[in-house]
Amino acid sequence: MRFQFKTSYNQDIRLFRDKVDGSWYGLLGLVVLALPFLMDEYYVGETTWVFIYAVCGVSLMVLVGYTGLVSLGHAAFLGIGAYAHAYFIQHGAPWIVAMALAVSITTACGLIVGLPALRMTGIYLAIATLAFAVIIQEVFSRWESVTHGFAGMKVDRPVIFGVEFADDRSFYYLCLFFLVVVLWLTRNLLRSPTGRAWIAIRDSEIAAQSMGVNLAIYKSMAFAYSAGLMGLAGALFAHKIAYLAPDIFSILLSIQFLLLVIVGGLGSLHGAGIGAFLSKPGVEAGIFGLILVLVILLEPLGMYGRWVKIRIFFSTFPMYKAATFKRQKTYMRSERLR
């Protein structure tokens, strides 16, 4: 049995909870680095999909899980990042420059789409982002001078500083690198005042506003950051799929991203990774739908929530109480004023 006693405020903002957690993550890192040498090439490619979907999951988790803003249009941001990256590469831009421009464009689009979030919440915001996704998909189809329309756009494997990532193993490590960077940046951002403001907005906008949180600024920042991460994932997605077409970035893909964070566990970066593993392209839609139904019925906190319960059970056994995770009311006192 292991209990952690906090004796300073610095313990609340550590990257890892303690040295034991850091050791486990270090072991996980070694396993992930060794996997390409232990698996068949096909499974290396499938694991690469998990990394790309995990970046998408982190992007949407920031918005839905930590800020409480529901989006049904994130496939549009993925498409903007993919097409922008492929377009700049075809016109001679270096890979790093094309990636930076794609992320910048999607971040700007996120700011524009985030404007309705200043006055909308819940289902109304979801409808607004859904309309944005429909408009962007139509743009992909009609703007043939940039996207080539339904004829599609071929995307070659990345070449960075003269090094070609031609095989699945090298591309695996490239995607892993960007996933680690995204997780590190997001984890640090969530520990900062910005991340705490997002969580306050999620829990209660009235309470957050009473504490001096500027809702307009922080909601816009959440949309911009989330869209930027999705643009990064779009650039990797373009190289992985190798051929872009407008019908790839459909509303169904946006819904799949939303289900990804729900199944993995809202409000958890771990949940984004777990959801990515369960919803990668190799998983049949029927199986993933069954997983979703079971999670909603049996574990509303997601798969990571179930893991937390199991971990606490063994760490507190035999003093574990069944009422540890008893559901509380979903509203706060400040929200009764509405």
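Observations, loosely collected:
- Packing around the peptides 211-218, 27-34, taken as the average count of other Cβ atoms within 10 Å per residue, puts them in this order, highest first: 211-218, 27-34.
- In region 100-190, the trypsin sites (Lys or Arg not before Pro) that fall in loop regions by DSSP, at most 16 other Cβ within 10 Å: Arg119
- P(r) weight above 17 Å for region 139-206, C-alpha pairs, percent: 68 percent
- Lysine pair count for the chain [Cα-Cα under 19 Å; pairs on different chains or 8 or more apart]: 5
- Of the peptides 233-244, 130-141, the ranking by mean beta-carbon count within 10 Å, highest at the top, reads 233-244, 130-141.
- Three-way shape label, the chain, alpha-carbon gyration tensor, a/c 1.5: oblate
- The overall shape of region 15-154 is oblate: from the C-alpha gyration tensor, with semi-axes ordered a ≥ b ≥ c, the ratio a/c is 1.5 or greater and a/b is no larger than b/c.
- Sorting the segments 94-105, 70-81 by their residues' average number of neighbouring beta-carbon atoms within 10 angstrom, most packed first, yields 70-81, 94-105.
- Whole-percent carbon and sulfur share, accessible surface of the chain, 1.4 Å: 68 percent
- Our note on the geometry: Cα centres of region 146-200 and region 216-270, 11 Å apart.
- Principal-axis tilt of helix 122-142 within the chain, Cα atoms, nearest 10 degrees: 10 degrees
- Over the chain, accessible surface divided per residue gives 53 Å², non-protein components excluded, 1.4 Å probe.
- Cα-based helix-to-principal-axis angle, 19-38 vs the chain, degrees rounded to 10: 30 degrees
- Gyration tensor verdict on region 87-242 (Cα atoms; rounded if a/c is under 1.5, prolate if a/b is larger than b/c, oblate otherwise): oblate
- Local net charge near His239, Cβ-Cβ under 10 Å (Lys/Arg +1, Asp/Glu -1): +1
- Seen against the Cα atoms of the chain and their longest principal axis, helix 74-90 is set at about 40 degrees.
The values are calculated or read from the model by the stated rules, or taken from the named source; none is laboratory data. Note that the structure is a prediction, hence the values are computed from the model and not measured. No Cβ is skipped: glycine too gets one built from the backbone with ideal geometry, and neighbour counts run over all protein chains shown. In case anyone asks, the SASA skips ligands and DNA or RNA and just uses the protein heavy atoms, side chains included. Shrake-Rupley method; radii C 1.70, N 1.55, O 1.52, S 1.80 Å.
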